[in-house]
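Read the structure below first, then the notes.
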Amino acid sequence: MRITGGAARGVALKPPSAPGVRPTTDRVRTALFNLLAPRGIEGAVVADLFAGTGSLGIEALSRGAAHAAFVEFDRRQAADIRANLHAAKAQDRAAVLQADVHRAVERLEGAYDIVLMDPPYRDPFPARLVERIVERGLLAEDAVVVVGHPSRAEAPTRCGTLTLTQDRRYGDSSLAFYEAAR
């Protein structure tokens, strides 16, 4: 597993230490950032929820994001994220919060331009979590929330005030993009 673009392109990331962690594949990560590129990643403030190895947020930092907040429950994975940030030389633009993502959302502050989440596929689609992010005012004006989910599960067309704008399938994985109605 490597960073696929930007300043840290090619940097190897530490694989997951905790059992059951499913990192986003290089193929899906590349596709995701190709879709995000037109809206601008440079200078963005990013949240990587259910961060696992941190590959999504680190990819954003490599591609010019100003800051990334990582939320991961497992302490081994939080340590892996810190190691991966160090390998990518991005630790000074990141914060790692080891906590349950639902509790962490209550403690996060600021306005995020991009929220990335790739929850365990065994969990239900995190529609209520997306709604809570909106309720807490954690999104910048033109923010996007991207939720990884199994392709066999359908993404809801709405999560609170956010609308599903696209749902891209990559084999067994899909990416659901949510944005405020324009």
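The values are calculated or read from the model by the stated rules, or taken from the named source; none is laboratory data. As the structure is a computational prediction, the values presented were derived from the model and not from experiment. Here the Cβ is made from the backbone with ideal geometry for all residues, glycine too, and neighbour counts use every protein chain on show. Calculation scope for accessible area: heavy atoms of the full protein, side chains included, ligands and nucleic acids excluded. Shrake-Rupley method; radii C 1.70, N 1.55, O 1.52, S 1.80 Å.
State which residue pairs qualify: first residue within 21 Å of Val105 (Cβ to Cβ) and inside the stretch 142-153, second residue open to solvent by 30 Å² or more (accessible area, probe 1.4 Å) and aliphatic (A, V, I, L, M) in any location, beta carbons under 9 Å apart, and separation of 6 or more residues or different chains.
Note: pairs meeting the criteria are Asp142/Ala180; Ala143/Ala111; Ala143/Ala180; Val145/Val134; Val145/Leu139; Val146/Leu35.
Yes or no: Val134 modelled with pLDDT of 95 or more and either within 13 Å of the chain's Cα centre (by Cα) or of a type in the set (D, E, K, R) (or both)? Steps first, answer last, please.
Details: modelled with pLDDT of 95 or more: yes; either within 13 Å of the chain's Cα centre (by Cα) or of a type in the set (D, E, K, R) (or both): no.
So Val134 does not fit the description; no.
Does Val96 qualify as being assigned to a strand (DSSP E or B) and over 28 Å from Ala153 (Cα atoms)?
yes
Taking Ala111, is it farther than 22 Å from Arg22 by Cα and either at pLDDT 95 or above or touching a Leu at 6+ places or on another chain (Cβ under 8 Å) (or both)? Let's see the steps before the verdict.
Numbers: farther than 22 Å from Arg22 by Cα: yes; either at pLDDT 95 or above or touching a Leu at 6+ places or on another chain (Cβ under 8 Å) (or both): yes.
In short, yes.
Taking the condition open to solvent by less than 40 Å² (accessible area, probe 1.4 Å), in contact with a Pro (Cβ under 7 Å, 6 or more places away or on another chain) and either under 22 Å from Phe33 (Cβ atoms) or part of a loop (DSSP other than H, G, I, E, B) (or both), does Val147 pass?
Judged against the criteria, Val147 is a match.
From (1) at pLDDT 95 or above; (2) surrounded by fewer than 16 Cβ atoms within 10 Å (Cβ to Cβ), pick out the condition that doesn't hold for Pro15.
Every listed condition holds for Pro15 apart from (1).
Can you tell me which residues in the stretch 108-132 are outside any loop (DSSP other than H, G, I, E, B) and in contact (Cβ under 8 Å) with a residue 60 or more places away in the chain?
Those that are outside any loop (DSSP other than H, G, I, E, B) and in contact (Cβ under 8 Å) with a residue 60 or more places away in the chain: Tyr112, Asp113, Ile114, Val115, Leu116, Met117, Leu129.
Ala176: in contact with a helix residue (DSSP H, G or I) (Cβ under 7 Å, 6 or more places away or on another chain) and either surrounded by 15 or more Cβ atoms within 10 Å (Cβ to Cβ) or not aromatic (Phe, Trp, Tyr) (or both), yes or no?
Criteria not met by Ala176.
Residues being open to solvent by 10 Å² or more (accessible area, probe 1.4 Å), touching a Gly at 6+ places or on another chain (Cβ under 6 Å) and assigned to a strand (DSSP E or B): count how many of those fall in the stretch 42-85.
Count: 0.
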